[in-house]
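The values are calculated or read from the model by the stated rules, or taken from the named source; none is laboratory data. Because the structure is a prediction, the values reported are computed rather than measured. Positions of Cβ are backbone-derived with ideal geometry, glycine not excepted, and every protein chain shown enters the neighbour counts. When the accessible area is computed, the model is the full protein with side chains, heavy atoms only, and any ligands, DNA or RNA have been set aside. Shrake-Rupley method; radii C 1.70, N 1.55, O 1.52, S 1.80 Å.
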Amino acid sequence: MSGAEHLGPYLLEVKEGVFPLGGDSLALGAFATVKRGWRVCDLGTGSGCLLLMLAAREGGLSLTGVEREERAAQCARENLVHSGLEGTVLQADWRQVTLPAGGFDLVISNPPYFQPGHGGDGGEARQAHCSLEELCRTAARLLRNRGRFALCHRPERLADLMCALRGSGLEPKRMRLLAHGPEHPPSCVLMEAVRRGRPGLRIEP
């Protein structure tokens, strides 16, 4: 179903068939480090919600989104235009997208979590079409040295995520676990890594 949400000064419209705005994206958009004038790339941008959230936090950002689904890519383009924001949304597989190596200060992603045939009610929109290793290698290629990669994922994949990040030259630096309440186990992990960063992980409340 389609709908609209206010993200700071911007209105996000989610068209029929595009993955809706969820709590994980809202948390990631608030968690990621971003500074004025940074060059930002969102891998798997969907409706463009993360681009709008980051633009609401800091001005002068250079915004780029990559989305494999045509309907979602067009939705993201329209959301940028209707918000008065300049940016580029490429319809492409992020493993094959032709963007400049080292061209970004921040790469951000809320990737599909589940492998095909798994994940309960995750559905097609939440099924991964490539591996964590491929996602992390792409992020590392796009980032400048000391650039940041922020993403969210499932806590049960934490060991895989740490290995994929380090194996791509991305050092985990900040982590936060999300839960629906103190009586519930964590349902999401937020992670931020730095390209060629020094070891040392801060676990936040």
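Data overview
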| read-out | value |
| --- | --- |
| Check on THR33, touching a Leu at 6+ places or on another chain (Cβ under 8 Å), farther than 26 Å from ARG202 by Cβ, of a type in the set (Val, Ile, Thr) and at pLDDT 95 or above | no |
| Every residue from the range 147-193 that is touching a strand residue (DSSP E or B) at 6+ places or on another chain (Cβ under 6 Å) and among the basic types (Lys, Arg) | ARG148, LYS173, ARG174, ARG176 |
| Check on GLU124, at pLDDT 95 or above and either β-branched (Val, Ile, Thr) or surrounded by fewer than 19 Cβ atoms within 10 Å (Cβ to Cβ) (or both) | no |
| Sole exception among (1) surrounded by 19 or more Cβ atoms within 10 Å (Cβ to Cβ); (2) more than 30 Å from ALA179 (Cα to Cα); (3) within 17 Å of the chain's Cα centre (by Cα) for SER83, by number | (3) |
| Answer from PRO100, PRO111 - the residue that is out of contact with any strand residue (DSSP E or B) (no Cβ under 6 Å at 6 or more places or on another chain), assigned to a loop (DSSP other than H, G, I, E, B) and open to solvent by less than 30 Å² (accessible area, probe 1.4 Å) | PRO111 |
| Cross-chain or 6+ apart pairs with Cβ under 6 Å, the range 60-88 first and among the hydroxyl-bearing types (Ser, Thr, Tyr) and assigned to a strand (DSSP E or B), then modelled with pLDDT of 95 or more and surrounded by fewer than 22 Cβ atoms within 10 Å (Cβ to Cβ) | SER62/ARG39; THR64/THR88 |
| Some residue of the range 55-69 being surrounded by 14 or more Cβ atoms within 10 Å (Cβ to Cβ), closer than 23 Å to MET175 by Cβ and under 16 Å from the mean Cα position of the chain (by Cα) | yes |
| Filtered residues of the range 18-36 (kept if small (Gly, Ala, Ser) and either under 11 Å from the mean Cα position of the chain (by Cα) or open to solvent by less than 40 Å² (accessible area, probe 1.4 Å) (or both)) | GLY22, SER25, ALA27, GLY29, ALA32 |
| So ARG196, is it basic (Lys, Arg) and farther than 20 Å from ALA30 by Cβ | yes |
